[in-house]
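None of the figures in this text is laboratory data; all of them are computed from the coordinates on show. Every value quoted in this text rests on a predicted model; they were computed, and no experiment measured them. Cβ placement follows ideal geometry from the backbone for every residue including glycine, while neighbour counts extend to all protein chains displayed.
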Amino acid sequence: MTSTWRGLNLFGSGPHRFRIARQGQSLVPNFVLGLPGAGSQAQGLVELDIFVEGRLVSATSSGLWTLRDAIVAEVTDPVTAATLIDNAGREWTNMALVGFAESGPADRGRLWSVAYAAQFRRFA
Amino acid sequence: MLMLTPGRVRFDGVPWTHTRSVRIDRAAERTIIEHADTGPHITFVDVPAVRVAITIVQEIESDDLAPPAPADEGILLVEAPPSGSDLGGRRVRCRAVVASVRYDLASAKPATRTIELIALATDPAADPVIIELI
């Protein structure tokens, strides 16, 4: 099965993997809050971040641009929240695509490809 | 690509005589290897950077006082004479830059000069080595 977000297959042109960022409390050192002594304060649970990291692949340069543009077009303001599904069928609801970064220049070997990381966040 | 008995060899218009062999190696300078989430095996491989390296070995019979120098750039022409089964000969042509010039003076053999070059592509998407029928 292939991954989707909002029912869209944004990443399926090439291999990609899901990485879940740190989950837990947002911790702030006491000195930042003007409190005495060492130690920290829990400020509440951090929002869930999931990164999709992989490589977009196309037979042509224009095809690769189409794939890149399709993802960038989904990074909207205000954000759009939808269900994110990974390659094994695991689902996360209410995830917004908040960022897309290419990891280097596009490569031209047998195919055109570019490595990337897409960031999803479930806002509190 | 290997030519064991090349005919005429010229670099930047200068003949390189008594050429024993011409070897053209191709290797990945950079390889892309990717895996997926659902298993341990590689699912994507590509080679976005290729080096075409040319090695020319010549027999040297006298003093060699004007060899090519590293960074020299020119057109390399190698003519392969026709074999018994060929209708004609072939010419290998490419633009290249000299990377190294070395000598081997093993006592039991004629002295040799080995020149290593790196081929340059005018069109990055096309093979820099062109084979023509002559």
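Residue by residue, here is whether (1) exposed (fewer than 11 other Cβ atoms within 10 Å of the Cβ); (2) farther than 22 Å from A:Ser3 by Cα; (3) in contact with a Leu (Cβ under 8 Å, 6 or more places away or on another chain) holds:
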{"position": "A:Asn30", "(1), (2), (3)": "no, yes, no"}
{"position": "A:Gln41", "(1), (2), (3)": "no, yes, yes"}
{"position": "A:Arg55", "(1), (2), (3)": "no, no, no"}
{"position": "A:Ser58", "(1), (2), (3)": "no, no, yes"}
{"position": "A:Leu84", "(1), (2), (3)": "no, no, no"}
{"position": "A:Arg110", "(1), (2), (3)": "no, yes, no"}
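Counting the residues of segment B:46-61 that are within 14 Å of chain A (Cβ to nearest Cβ) and either surrounded by fewer than 16 Cβ atoms within 10 Å (Cβ to Cβ) or within 15 Å of B:Pro124 (Cα to Cα) (or both) gives 5.
Yes or no: segment A:62-72 includes at least one residue that is touching a strand residue (DSSP E or B) at 6+ places or on another chain (Cβ under 7 Å) and in a strand (DSSP E or B). So far as segment A:62-72 goes, no, none of its residues is touching a strand residue (DSSP E or B) at 6+ places or on another chain (Cβ under 7 Å) and in a strand (DSSP E or B). Considering segment A:3-19, and only residues there that are touching a residue at least 12 places away in the same chain (Cβ under 8 Å) and exposed (fewer than 13 other Cβ atoms within 10 Å of the Cβ), the residue that is nearest to the other protein chains (Cβ to nearest Cβ) turns out to be A:Arg19. Only one of the listed residues (B:Gly74, B:Gly39) is in a strand (DSSP E or B) and either touching a residue at least 12 places away in the same chain (Cβ under 8 Å) or out of contact with any helix residue (DSSP H, G or I) (no Cβ under 6 Å at 6 or more places or on another chain) (or both). That residue is B:Gly74. For segment A:87-113, residues that are within 21 Å of A:Ala73 (Cα to Cα), in a loop (DSSP other than H, G, I, E, B) and either more than 14 Å from chain B (Cβ to nearest Cβ) or polar (S, T, N, Q) (or both) total 1.
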